[in-house]
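Right, one structure below, let's go through it.
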Amino acid sequence: MKNAWITKWSILLLITLTASAAFADTPPRPNIVVIMCDDLGYSDVGFSGAPDIRTPNLDSLAKAGTICTSGYVAHPFCGPSRMGMMSGRYPHAFGGQYNLPPAHAGMEDYNKLGIPIEETTISTVLQNAGYHTSAIGKWHLGEEADYHPNNRGFDDFYGFLGGGHNYFPEQYAPAYQRQSQAGKTNINDYLLPLQHNGKKTTEDEYLTDALSKHAVRFIDEASANDAPFFLYLAYNAPHAPMEAKEEDLAANSHIKNKKRRVVAGMMTAVDRGVGLVTETLKKHGEFDNTLVVFLSDNGGKSVFGSSNAPFRGVKGDPWEGGFRVPMFFHWPHKIPAQSFDYPVSALDFYPTFASLAGAEIPPAKKLDGKNILANMAGGTNPRENDVIFSMRHRAGYSDVSARRGDWKAVRFANQPWRLFNITEDLGELNDLASSNPERLEELISAAERWSQTHTTPLFFDSPGARDKWYEADMPNFDQTFQIKVGAPPLKPVSHVTDNDVADPVAKAPLMTKSGVKLKRGDSTLEHFIALEKAKWEKNGWTWNQTKVEELFNQIDTDQDGIASGKEKKAHWAK
């Protein structure tokens, strides 16, 4: 009996030691950090070709990782793109083709909606797998309780729920306070207080710096636990309003184009934040076991100074510049340092992250992407025969594109279809539709089959968009997918960096014409007009000098011809 007892315990000890050894040999699940910019142009960061904007921290990570030169998102503008990434599906499949309307638009029924609760988000999958999760920054996926980030897989949320926000708290906080005290109920989203886990909070830092600060705070907290973490750091830069810190503008004084200089200043702040995130990961010994993915939610807007070079198109377009974005994956010793030219989609993040986390995806969950890590490691094409789609609805018609391999079909502005060899013709200039009818028909047929999976939009971003949809009996796919060729020739594409010339930024005079010495922050009428004109141009407003002169007179309370810094502060504090 004694020998039998020893034998049983010997076997049990052997099993325990074997299991422990196996567990010890199993690498820890990686932390996952997704850093997303808003309206960032393809050539607005150094690693993807910016000749003028300096982003050393981003470039360092990109150079040590895999740069996805053909990185795509699921839609060419904000909300649907983010819904696609978080759900792993094209947003058209569940009615998310439009942005949610801003709260101040008064579309109350739509304001109660968001990314459908039936769509299990990747954050929920990771949270259920034991990850500590945080969303920092822009949400834009719903504001009611059912759609709030804290109820969609995020333990921690700091930021704003709408589609954008002003950057300087000394400006947006008093403006919100004035409107709130005046009893206004539909206050512009861009002025609302930030929130932390559903509670309003105050902020005293430039917004991009504040978001970086809270990303660092989350990593500090999460690193104290044994569990891995998932951080979704969603900067709203460089989305309008185009607001950069003075010191960041000064750091980019080499850029002559004043709009471009503001984009650069905003990206200087983002890059500074990425540096802080990297330092914090290293401080806690988490850097080597963290996958960092960087991208933009869509293409940039050249009207605000962004560049999508070398591509045609801007945010909202089916051209490459609308939804082909700067993207990289960085994970030391796991992901090679390389340029990966095969198409990668933000839809791929969901299955890739779930696999890395050993997480269970709900059995009924539909996904449009695939786990791409093995392809990335082996340098092979993750979608040999698959098609990358884009569709944006306009007034009475839809812009569509479909890319498979080297070939891309595009229908834009209700014109006939065009066909491009997208690897040889990055600017989508040479239409090959007439000479390749079978290839064109193949891509149009694929796009039409894809459209059959779409549903009617659940919401619209404005009353005008809603009314036009129903007035035109959209989506009119029977017309969209008619095979027509002979589109008018396109002009060669140009970019903001091609002609980097602009008026110098207005400088404050040292004294008035009458010899009165000015203090810092003081403005003469001429200087005030120059500053306001630059601001109006940045925001795309129609210039009205009479209105600006009236504003100057309101600020200049002592009527001495100088809008002093003190008078300005008093005026904007009202």
Query - Of all accessible heavy-atom area on the chain, the percent that carbon and sulfur account for (1.4 Å) - result: 53 percent
**Report entry** Estimated 222 nm signal from helices in the chain, with DSSP H stretches of n ≥ 4 weighted -39500 (n - 2.57), rounded to 500
**Finding:** -10000 deg cm²/dmol
**Report entry** Residue order for Lys491, Lys568, Lys112 - accessible surface, 1.4 angstrom probe, largest first
**Finding:** Lys491, Lys112, Lys568
Query - Whole-Hz ³J(HN,Hα) from phi, Karplus 6.51 cos²θ - 1.76 cosθ + 1.60, for region 451-456, glycine and proline x - result: 4, 6, 8, 7, 10, 5
Query raised in the report: What's the angle, to the nearest 10 degrees (0 to 90), between helix 545-555's Cα axis and the longest principal axis of the chain?
Result: 90 degrees
Requested in this report: Give the long-range amide H neighbours of Cys37: residues separated by 5 or more places, or on another chain, with amide H under 5 Å away, using H modelled in the peptide plane at 1.01 Å from N.
Outcome: Leu295, Ser296, Asp297
Requested in this report: Kindly report the accessible area of region 157-273 per residue (heavy atoms of protein chains, probe 1.4 Å, no ligands, DNA or RNA), in Å².
Outcome: 38 Å²
Query raised in the report: Amide H of Asn99: which non-local residues (sequence gap of 5 or more, or other chain) have their own amide H closer than 5 Å, using H built in the peptide plane?
Result: Asp461
Report summary line: Rounded to whole Å², per residue accessible area for region 313-444 with a 1.4 Å probe reads 38 Å²
Requested in this report: Could you give the spread of the C-alpha atoms of region 402-463 along their three principal axes, from largest to smallest, in whole angstroms?
Outcome: 40, 23, 20
Report task. State the Cα centre-to-centre distance between region 28-89 and region 378-435 in whole Å. Result -> 21 Å
Report summary line: In degrees rounded to 10, the 0-90 angle between helix 169-181 Cα long axis and the longest Cα principal axis of the chain is 80 degrees
Report summary line: With Cα coordinates, the longest principal axis of the chain makes an angle with the long axis of helix 258-283, in degrees rounded to 10, of 40 degrees
Report summary line: With the chain reduced to its Cα atoms and the Debye formula applied, log10 I(q)/I(0) at q = 0.10, 0.12 1/Å amounts to -0.88, -1.23
Query raised in the report: Per residue, what accessible area does region 69-143 have, given a 1.4 Å probe and all protein chains present, in Å²?
Result: 23 Å²
Report task. Please list the non-local residues whose amide H lies under 5 Å from the amide H of Gln338, H modeled 1.01 Å from N, same-chain partners needing a gap of 5 or more. Result -> Gly65, Thr66, Ile67
Query - Mean separation of Cα contacts under 8 Å (6+ apart) over length of region 305-394, as relative contact order % - result: 27 percent
Query raised in the report: What do you reckon, how do Thr456, Thr497 stack up by accessible area (1.4 Å probe), largest on top?
Result: Thr456, Thr497
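The values are calculated or read from the model by the stated rules, or taken from the named source; none is laboratory data. What you see is a predicted model; the values in this text were computed from it and never measured. Accessible surface is based on the protein model in full, side chains and every heavy atom, while ligands, DNA and RNA are left aside. Shrake-Rupley method; radii C 1.70, N 1.55, O 1.52, S 1.80 Å.
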